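Structure record follows, encoded as structure tokens.
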Amino acid sequence: MQQEKEEKERMLEHAVQRMEAQLPPTDSADAELDKKIRDQARREQEKMERIQRKQLEQSLPPNGVKTTAFPRPNSYMPPEKDPIPKPYGKFTPFMSLGPGANLRHYTNPKPIQIDT
């Protein structure tokens with residue numbers, strides 16, 4: 001116990017001498033200071049990101065999703081006086097996607113000139 005006390009006193013005296021010489025008190029103290037500064041900068045960055053994320057969430061539409069897709073109606077209402085939801089069944093509205101990639105293998109038909 002006495003030996004540990006003397007060792008700690010020597011470490012303290014050595015740390016005081018180093019501080020008087022404008023050096024960090026221990027070798028690990030400089031690394032600890034760098035780590036604390038780095039952690040503080042990271043926390044500030046995360047705080048700014050949280051603030052930006054919150055502002056973005058508040059600027060989004062009510063459903064919370066930003067998309068370029070056409071809005072899908074909740075129910076199909078015909079434009080009449082008394083709109084009643086109309087189920088389409090198997091005749092749902094269809095939007096064609098245009099020609100597919102396999103169409104490039106086909107050649108366009110060339111009309112034959114008929115002389116009469």
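The values are calculated or read from the model by the stated rules, or taken from the named source; none is laboratory data. What you see is a predicted model, and the numbers here were worked out from it, not measured in a lab. In this analysis, Cβ positions are derived from the backbone assuming ideal geometry, glycine residues included, and neighbour counts consider all displayed protein chains.
Given the condition assigned to a helix (DSSP H, G or I) and modelled with pLDDT of 85 or more, answer yes or no: does some residue in region 59-67 qualify?
No, region 59-67 has no match at all.
On the given criteria, is TYR88 modelled with pLDDT under 70, farther than 30 Å from HIS14 by Cα and surrounded by 10 or more Cβ atoms within 10 Å (Cβ to Cβ)?
So TYR88 fails the test.
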